[in-house]
Amino acid sequence: MSPRGCFITVEGGEGAGKSTHLPRLARLLEAEGLEVVRAREPGGTPLGEGLRGLLLAAGPGEGSAGPSPDAELLMLFAARAELLERVVWPAVSRGAWVLCDRHVDATYAY
């Protein structure tokens, strides 16, 4: 029987402490002998990082030169699909614990 992996997301707004707590949690899990993979949304893969760059460069707010709200959402979903397929599920399948800075809950919040 192969080891059982886990997918943990840490959610919260800007300045909530995600970047502080994720490394702490990773150290605790690694101290238990577990493989830890760190990820973030949007991003975490070459495609996801490219989409992240486009989203951040566009800037927030109506009237900006950025994508329409629907296009922005689809870009986020594309980055998420790539992260899940290329990073999260392979890692969990081999028994790693994946710690992700944001995931589905952030989509609803934003």
- Across the range 14-38, what is the total count of residues that are without any contact (Cβ under 8 Å) to a residue 60 or more places away in the chain and open to solvent by less than 50 Å² (accessible area, probe 1.4 Å)? 2
- Item | Among the candidates 91, 81, 106, 96, residue that is out of contact with any helix residue (DSSP H, G or I) (no Cβ under 6 Å at 6 or more places or on another chain) and free of Cβ contacts under 8 Å to residues at least 12 places away in the same chain | 81
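Matching residues to (1) of a type in the set (Val, Ile, Thr); (2) within 19 Å of residue 88 (Cβ to Cβ):
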{"position": "8", "(1), (2)": "yes, yes"}
{"position": "13", "(1), (2)": "no, no"}
{"position": "17", "(1), (2)": "no, no"}
{"position": "20", "(1), (2)": "yes, no"}
{"position": "30", "(1), (2)": "no, yes"}
{"position": "35", "(1), (2)": "no, yes"}
{"position": "41", "(1), (2)": "no, yes"}
- Item | Selection within the range 93-110 - closer than 23 Å to residue 25 by Cα, in a helix (DSSP H, G or I) and open to solvent by 70 Å² or more (accessible area, probe 1.4 Å) | 93, 105
- Task: Return the only residue of 41, 11 being touching a residue at least 12 places away in the same chain (Cβ under 8 Å), under 13 Å from residue 100 (Cα atoms), open to solvent by less than 40 Å² (accessible area, probe 1.4 Å) and acidic (Asp, Glu).
- Result: 41
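The values are calculated or read from the model by the stated rules, or taken from the named source; none is laboratory data. For clarity, every value in this text was computed on a predicted model and none was experimentally measured. Glycine gets a Cβ as well: all are built from the backbone with ideal geometry, and neighbour counts include every protein chain shown. Please note that ligands, DNA and RNA were not included when accessible areas were found on the heavy atoms of the full protein model with its side chains. Shrake-Rupley method; radii C 1.70, N 1.55, O 1.52, S 1.80 Å.
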